[in-house]
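Okay, structure first, notes after.
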Amino acid sequence: MMRSLWSAASGMIGQQKNMDVVAHNLANVNTYGNKKVRAEFQDLLYQTLRDAGGVSGNGTEYPQGLQIGLGTRVAATHRVFTQGPLQTTDNPTDIGIQGEGFFQIQMPDGTTAYTRDGSFKLDSQRRLVTSDGYLLQPGITINQNAALESIVISSDGHVSNTVNGTQTEVGQITMARFINPEGLYSYGKNLFLETAASGAPIVSNPGENAMGVLTQGTLEMSGVQIVEEMVNMIVAQRAYESNSKAITTSDSMLETANQLKR
């Protein structure tokens, strides 16, 4: 069986996965705090027909080897944690992050998740929560008699509200950053989970220890660039077509070989 059939087939499989990644990026072009994902490829093992440096004659050796590659595979999906653009919303509970860091979110099982999505809401107890009702950690509770417009969130995370003309601090937002954020586990719902690859979280106040600062009334938009993803889609499509033509050509060559006996 010709090696090219399997090599081209691995290329088609790889481009299918690449297209899945591109489609995911495009689907999340309006997701707050979303970071684009990039598929990374590796070549497969090589079949060595002749080693470099092998003896080619009396006192001579081959300067180059003879190896034939066996295709490709998707080795990893790399999430690009670059700063997304901040969009002004004028909603006092919307918080954008300028720089590194994640908000800390308490999951229903008590564990901590991390997000760049700052579109927080107030629940029935006037606590800051995510769209799914998960609590921001440390917990922030707004006074029952405070108007929504009186909430003030400073760049270093201090949260205060005004009741009867008196401004009172109600909490401090802290953030976490990681040595290797690309190693975080993507949980869904705009959340990430700590892994051994990401390292332990480094918790600090905004603006301290290389942490980013907060901007009230803004949201970090998706880091996906539509034009870039459309180009990636075209490249994936053409690569898929080229690999399919390689299979067709290999099949035609095999057909010719089978007809030699006639």
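The values are calculated or read from the model by the stated rules, or taken from the named source; none is laboratory data. Predicted model only: the values in this text are computed from it and were never measured. Don't worry about glycine lacking a Cβ; one is built from the backbone with ideal geometry, like all the others, and counts go over all protein chains shown. Please note that ligands, DNA and RNA were not included when accessible areas were found on the heavy atoms of the full protein model with its side chains. Shrake-Rupley method; radii C 1.70, N 1.55, O 1.52, S 1.80 Å.
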Using alpha-carbon pairs under 8 Å, 6+ residues apart, how would you state the relative contact order of the chain in percent? 26
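Report the extension gain between ASP109 and THR166 in nm, rounded to one decimal, defined as 0.36 nm multiplied by the number of residues separating them, less their alpha carbon distance.
This chain segment gains 16.8 nm when fully extended.
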With all protein chains present, how much of the accessible area of the chain (probe radius 1.4 Å) comes from carbon and sulfur, to the nearest whole percent? 51
Label-reachable residues, segment 1-40, where backbone N falls under 16 Å from a point 7 Å from ILE68's Cα toward its Cβ: 1-10
Write out the GluC sites (Glu not before Pro) in segment 136-229 meeting two conditions: DSSP loop, and at most 15 other Cβ atoms within 10 Å of their Cβ. GLU208
With viscosity set to 0.890 mPa s at 25 °C, what whole-number translational diffusion coefficient in µm²/s follows for segment 116-185 from Stokes-Einstein and a Kirkwood radius over Cα pairs? 184
Just one of (i) 13.4; (ii) 21.8; (iii) 16.7 is mean projected area of the Cα convex hull in nm² calculated from these coordinates, so which is it? (ii)
With DNA, RNA and ligands ignored, accessible area of SER250 (1.4 Å probe; Å², nearest 10): 10
Given a Förster radius of 35 Å and the C-beta distance between THR82 and GLN16 as r, what FRET efficiency does 1/(1 + (r/R0)^6) yield to the nearest 0.05? 0.85
Where segment 9-99 is the region considered: accessible area per residue in Å², 1.4 Å probe: 59
Quick one: net charge of VAL224's neighbours, Cβ under 9 Å, K/R +1, D/E -1? 0
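Below 14 angstrom from the Cβ of TYR134, what's the summed charge of the other residues (Lys, Arg +1; Asp, Glu -1)?
Values: positive: LYS121, ARG127, LYS189; negative: ASP109, ASP117, ASP123, ASP132.
Charge balance in the 14 Å sphere: -1.
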At a temperature of 20 °C and a viscosity of 1.002 mPa s, determine how fast segment 20-109 diffuses translationally according to Stokes-Einstein, using the Kirkwood radius over alpha-carbon pairs as Rh; express D in µm²/s, rounded to the nearest whole number. 115
What does the helix-only formula give at 222 nm for the chain: each DSSP H stretch with n ≥ 4 adding -39500 (n - 2.57), the total divided by the residues, and the result rounded to the nearest 500 deg cm²/dmol? -8000 deg cm²/dmol
Helix 226-258 sits off the longest principal axis of the Cα atoms of the chain, rounded to the nearest 10 on a 0 to 90 degree scale, by 20
What's the long-distance tail for segment 156-246, i.e. % of Cα pairs beyond 18 Å? 70
Provide the net charge surrounding THR88, with neighbours chosen by a C-beta distance below 12 Å and charges set as Lys +1, Arg +1, Asp -1, Glu -1. -3
What percent of all Cα-Cα pairs in segment 86-145 falls into each 10 Å bin, going from 0 up to the bin containing the maximum distance? 22, 53, 23, 2
Mind giving me the FRET efficiency for ALA147 and GLN42? R0 is 51 Å, r the Cβ-Cβ distance, nearest 0.05 is fine. 0.35
Cα centroids of segment 38-68 and segment 70-99: how far apart, whole angstrom? 41
With the cut-off at 16 Å, report for segment 113-153 the share of all Cα pairs above it, as a whole percent. 32
Report the Rg/Rh value for segment 83-213, based on alpha-carbon coordinates and the Kirkwood definition of Rh. 0.97
